[in-house]
Amino acid sequence: MISAERIPNNVTLSENKRLQRALEHWQPKYLEWWRDTGPQGFQDHHYVYLRTAVSVDAQGWVHYDYVKLPEYRWGIFLAEPVRDRTIGFGDFLGAPVWQEVPGDFRSPLRRLVVTQGDTEPASVEQQRRLGHSCPSLYDLRNLFQVNVEEGRHLWAMVYLLHSYFGRDGRDEAEELLERHSGDADKPRILEAFNEPIDTWLDFFMFAMFTDRDGKSQLLSLSESAFDPLSRTTRFMLTEEAHHMFVGESGVARILDRTCQLLTSGQAGFSEDVRRLGGIDLPTIQKFLNFWFSLSLDLHGGEISSNAAIYFANGLKGRQYEQKHPDHKCLHGTYPVDVVVDGSLETRNVPLRNAMNEIQRDWYTADCVAGIDRWNRILATYGIPERLRTPDRKFNRGIGIYAGFHFDPDGHMIECDEWDRRRDEWLPSPEDKAYVKSLMAAPIDEPSQFANYIAPPPKGINRKPVDFEYVRTEL
Ligand SMILES: [Fe+2]
Ligand SMILES: [Fe+2]
């Protein structure tokens, strides 16, 4: 079923020998990177029940089999072209989309592709040690599914760099394998992708909030006037949905277990959950605060001339651009709270300059909808507490709120109050140590799940929950 080509693809690679050779030259470097910095300890002796994309139609999507991770077939797939597609926003609204990169926009487009591309291998690097502490084989398999797909997303961006950006693009493709998450000399470009992911609670929160930033960015890029970028990102979005499923359902199952413990009659108070080996709600809220605020940063500065240029030139739109009534955004303003002399003041920013903030609104609403689904679990158990997003100004490292302190309700606070109360809002060293202590050893019996997480309601691809999703023999 999988094509015999060295690089599976739907871009007629065999008809472009030069490009094919260039990518086949990059392929061994990619595999070396995967072996060195991909999932640690699961490269040679484990078979993983994975889904492999073999084409973009619905049939090509249901190919499941056991594979050794380094033998996964990473391919290049673009969504089918939309006939007579025209530019949906900005100064060139209504003009035909571009099949080549216009000279004027070469450098900003390359920057967009590289920045997106850099996040893909970064997350694999961040998650490389998690296999040793998995809560079940089901979860282990989901982790690896996410990892191989992030690897494929890197392929998607490298394909664009090689095909459309000439020598510079080829150099950038090399550098995507040379930067490493958390590396002191050559770190990844965006800060959230240099944070270590040491626990499965971090991983699930990352997949919920940081992969959702990925969804947000891919939606914006899929609106691009540069059609190959649009088609590439549209196909990536289908994979991204699974990553958010892994994150959202992972936290949901932890919550489910926490609720079971809270209503078991053995735990009167939230603190008692820890005594029973679960993860208490305040700790879950702190991890949520951390990953949500870090992921907000990924949408960039609130007032941004770069964002205005991207929009004006049709390079990057808003999520679901067609749902907006005005695609030019030449008039009108967006209110942004700015810090002036130690207090907040609302400033009306021209719409195009507020594009990052407008996209952040969409992202935040999408997160809130997911948190509402988590809260339904608490409600079902009759537990009055609720999870929530902290204010968007809380714990920011990028943009106009960076360098100031805000509590989770958005009130500006002094530095010493922040220092005193930080551990109430963000995971403290003790919280991290506790969560880590629950994950000291992997759970690798097919029917078993770690005590802090409920089993999923169903397995993958209609397989039972206790299916041996990862095995050492075939
Ligand atoms: Fe991705
Ligand atoms: Fe992802």
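Criterion first (touching a Lys or Arg at 6+ places or on another chain (Cβ under 7 Å) and within 16 Å of ligand 2 (Cβ to nearest atom)) does residue 122 satisfy it?
yes
Residues checked against (1) polar (S, T, N, Q); (2) under 25 Å from residue 53 (Cβ atoms); (3) touching a residue at least 40 places away in the same chain (Cβ under 8 Å):
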| residue | (1), (2), (3) |
| --- | --- |
| 192 | no, no, yes |
| 223 | no, yes, yes |
| 231 | no, yes, yes |
| 234 | no, yes, yes |
| 281 | no, no, yes |
| 293 | yes, no, yes |
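Could you please give the count of residues in region 437-460 that are modelled with pLDDT of 95 or more, under 26 Å from the mean Cα position of the chain (by Cα) and surrounded by fewer than 16 Cβ atoms within 10 Å (Cβ to Cβ)?
Summing the residues that are modelled with pLDDT of 95 or more, under 26 Å from the mean Cα position of the chain (by Cα) and surrounded by fewer than 16 Cβ atoms within 10 Å (Cβ to Cβ) in region 437-460 gives 3.
Which one of 95, 58, 53 is of a type in the set (A, V, I, L, M), at pLDDT 95 or above and out of contact with any Cys (no Cβ under 9 Å at 6 or more places or on another chain)?
95
Can you name every residue in region 394-411 that is on the phi < 0 side of the Ramachandran plot, surrounded by 16 or more Cβ atoms within 10 Å (Cβ to Cβ) and within 21 Å of the chain's Cα centre (by Cα)?
Within region 394-411, 394, 396, 398 meet the criteria.
How many of the residues making up region 205-234 are within 13 Å of ligand 2 (Cβ to nearest atom) and aromatic (Phe, Trp, Tyr)?
Of the residues in that region, 2 qualify.
Any chance region 376-390 includes a residue that's crowded, with 19+ Cβ neighbours inside 10 Å and either touching a strand residue (DSSP E or B) at 6+ places or on another chain (Cβ under 9 Å) or free of Cβ contacts under 8 Å to residues at least 60 places away in the same chain (or both)?
Yes, that holds for at least one residue.
Looking only at region 10-31, filter to residues that are touching a helix residue (DSSP H, G or I) at 6+ places or on another chain (Cβ under 8 Å) and under 23 Å from residue 147 (Cβ atoms); which one of those is surrounded by the most Cβ atoms within 10 Å (Cβ to Cβ)?
For region 10-31, the residue satisfying everything is 23.
Restricting attention to region 178-196, does a residue exist that is of a type outside the set (Phe, Trp, Tyr) and closer than 23 Å to residue 8 by Cβ?
Scanning region 178-196, I find no residue that is of a type outside the set (Phe, Trp, Tyr) and closer than 23 Å to residue 8 by Cβ, so the answer is no.
If residue 112 passes every condition in (1) closer than 16 Å to residue 220 by Cα; (2) out of contact with any Leu (no Cβ under 8 Å at 6 or more places or on another chain); (3) part of a helix (DSSP H, G or I) but one, which one does it miss?
Of the numbered conditions (1) closer than 16 Å to residue 220 by Cα; (2) out of contact with any Leu (no Cβ under 8 Å at 6 or more places or on another chain); (3) part of a helix (DSSP H, G or I), the odd one out for residue 112 is (2).
Restricting attention to region 32-59, which residues are acidic (Asp, Glu) and surrounded by 13 or more Cβ atoms within 10 Å (Cβ to Cβ)?
Within region 32-59, 36 is the sole residue that qualifies.
Identify the single condition in (1) part of a loop (DSSP other than H, G, I, E, B); (2) over 21 Å from residue 283 (Cβ atoms); (3) among the aliphatic types (A, V, I, L, M) that residue 387 does not satisfy, given that it satisfies every other one.
(2)
Among all residue pairs at least 6 apart or on different chains, which show Cβ distances below 9 Å where the first residue, located in region 198-216, is closer than 13 Å to residue 251 by Cβ and the second is away from ligand 2 (no atom under 11 Å from the Cβ) and of a type in the set (Lys, Arg)?
199/432; 199/436; 202/432; 204/253
Which ranges mark the helices (runs of 4 or more DSSP H) fully within region 268-356 that have 1 or more residues being at pLDDT 95 or above and crowded, with 20+ Cβ neighbours inside 10 Å?
Because the criterion is at least 1 residues that are at pLDDT 95 or above and crowded, with 20+ Cβ neighbours inside 10 Å, the helices (runs of 4 or more DSSP H) in region 268-356 that meet it are 281-297, 305-312.
So which residues in region 96-107 are assigned to a loop (DSSP other than H, G, I, E, B) and in contact (Cβ under 8 Å) with a residue 40 or more places away in the chain, if there are any at all?
97, 99, 100, 101
Would you mind finding the one in 83, 128 that is outside any helix (DSSP H, G or I), over 20 Å from residue 170 (Cβ atoms) and within 16 Å of ligand 2 (Cβ to nearest atom)?
128
So which of 112, 137 ends up being farther than 19 Å from residue 237 by Cβ, of a type outside the set (Phe, Trp, Tyr) and away from ligand 1 (no atom under 14 Å from the Cβ)?
Sole residue among the options that is farther than 19 Å from residue 237 by Cβ, of a type outside the set (Phe, Trp, Tyr) and away from ligand 1 (no atom under 14 Å from the Cβ): 137.
The values are calculated or read from the model by the stated rules, or taken from the named source; none is laboratory data. Here the structure is a predicted model, which is why all the values come from computation and not from measurement. So basically every Cβ, Gly included, is an ideal-geometry build from the backbone, and we count neighbours across all protein chains shown.
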